[in-house]
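One structure below.
The values are calculated or read from the model by the stated rules, or taken from the named source; none is laboratory data. Values in this document were obtained by computation on a predicted structure and should not be read as measured data. Don't worry about glycine lacking a Cβ; one is built from the backbone with ideal geometry, like all the others, and counts go over all protein chains shown. In case anyone asks, the SASA skips ligands and DNA or RNA and just uses the protein heavy atoms, side chains included. Shrake-Rupley method; radii C 1.70, N 1.55, O 1.52, S 1.80 Å.
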Amino acid sequence: MPSAYELTRDELNVLLAKEASYRVEQVWRGLWTDNQAIGEITTIPKALRQELAAQLPSGLEVVNDVESDRGATRKWVFRLADGSTIETVLMAYDDRVTVCVSSQAGCAMGCTFCATGQAGFTRHLTVGEVVEQVAFAARAAAPRRLSNVVFMGMGEPLANFNVTVEAVRRLHEYRGMSARHLTVSTVGVAPAIERLAAQGLPLTLAVSLHAANNETRNELVPLNKRYPLERLREACELWLASTSRRLSFEWALIDGVNDTTTAAHELADYARSLRAHVNLIPLNPTPGYLVMGSSAQRVRDFRSLLEDLGVNVTVRQTRGRSIDAACGQLASVTNGRRRPIALRTR
Ligand code: SAH
Ligand code: SF4
């Protein structure tokens, strides 16, 4: 049985063909404007509500709900219909509320420093499973308005290409979100970046670079062996040419690996030539990667060095480390082979 978020507007029309058209509108508003679960849409009669709730059950069952940063960061572990699990993180800031959604249960890319990569791949998410994470988080964020969606949770969004494209399209068309508020982060699947550029979707693209020489990048991001930096640059150039939107590079700072003066120069050359913004992420600890993150001082020095080299750079605020909700720490993949999720209560 599909969840209501799997349905397009036309599909809902067909499903509710026997109802008055304003009923369809009420259900649609409930789902997409008011972020309600079907059972909560009280504008429709109880019998219809119950019938729809049975027909279109939620695709996400909460199995863990934890918070940190004094409630400003909240992480859910959801069990999907087939039993696989994913994680979603909600982050409240002074000026915005952001949800970080998963696009896959696990990830097949195997980046060495990422807990999701260490755990391996279970399956692609469906479009409903992606967009329902947004609706769920928006409901939890109330009375604040959920303003931003970042595809930076578990999985590689461009490896689940059609679903990512359709999810962005629905968030734009059905939820009214614009490019500034929708960010897709990719490890650098060059041909998929090019296909994405051709879609003309309203989104900001973030590329996880982490190293600007092939030797180091091959070690951190195995996909680099397939699409090395030169190939990635071509894709980024095409993205810039066809979307004229700023690109950003993510760079997790790892002690002695990619935080050296040489690394800063390599990054500056690569980023400047693509007029990209650089987002530095202090490395978050994961069980399978024992190298330390750069010290706070090194992060500051690396940042100023990049600024001196003419790069537009920011440092990402660390959120949710104490609940394993920070970048790269999402790993609750339970399909029997993976490490079990730690069940904690709030
Ligand atoms: N698969 C996509 C999106 C999910 S990962 C991608 O790789 O871009 C989201 C971001 O977290 C990426 O930039 C990723 O490189 C970063 N990340 C992964 N592990 C991390 C860690 N241990 N510390 C800090 N950032 C990490
Ligand atoms: Fe996958 Fe992104 Fe983690 Fe790499 S960093 S393993 S692409 S989720």
Original post:
With Cβ to Cβ distances under 13 Å as the rule, what net charge do the other residues near S273 carry (K, R +1; D, E -1)?
Top reply: -2
Subject >> Sequence-separation-based contact order of the chain, relative, with Cα cut under 8 Å and 6+ spacing, percent >> reply: 16
Original post:
Ignoring any ligand, DNA or RNA, what whole percent of the accessible area of the chain comes from carbon and sulfur when the probe is 1.4 angstrom?
Top reply: 50
Subject >> Alpha carbon centroid spacing (whole Å) that separates the stretch 283-322 from the stretch 108-176 >> reply: 24
Original post:
Reachable lysines from K46, Cα under 21 Å, same-chain residues fewer than 8 places away excluded?
Top reply: K18
Original post:
the stretch 46-106 to the stretch 208-277: how many Å between their Cα centroids?
Top reply: 32
Original post:
What is the sum of charges around V315, taking Lys and Arg as +1, Asp and Glu as -1, for the other residues whose C-beta is under 10 Å from the C-beta of V315?
Top reply: +3
**OP:** Count charges around A264 for me, please; just the other residues with Cβ under 13 Å from its Cβ, Lys/Arg as +1, Asp/Glu as -1.
**Re:** -2
Subject >> Residues of the chain: accessible area per residue with a 1.4 Å probe, Å² >> reply: 43
Original post:
In the chain, what cysteines have no partner Cβ closer than 4.7 Å?
Top reply: C100, C107, C236, C327
Original post:
Taking N as the number of residues in the chain, what is its Cα Rg relative to 2.2 N^0.38 Å?
Top reply: 1.01
Original post:
How would you classify the stretch 4-55 from its alpha-carbon gyration tensor, with a ≥ b ≥ c the square roots of the eigenvalues: rounded for a/c under 1.5, else prolate if a/b is greater than b/c, otherwise oblate?
Top reply: rounded
Subject >> Student exercise, the stretch 4-55 dipole from Lys, Arg, Asp, Glu Cβ charges, in Debye to nearest 20 >> reply: 180
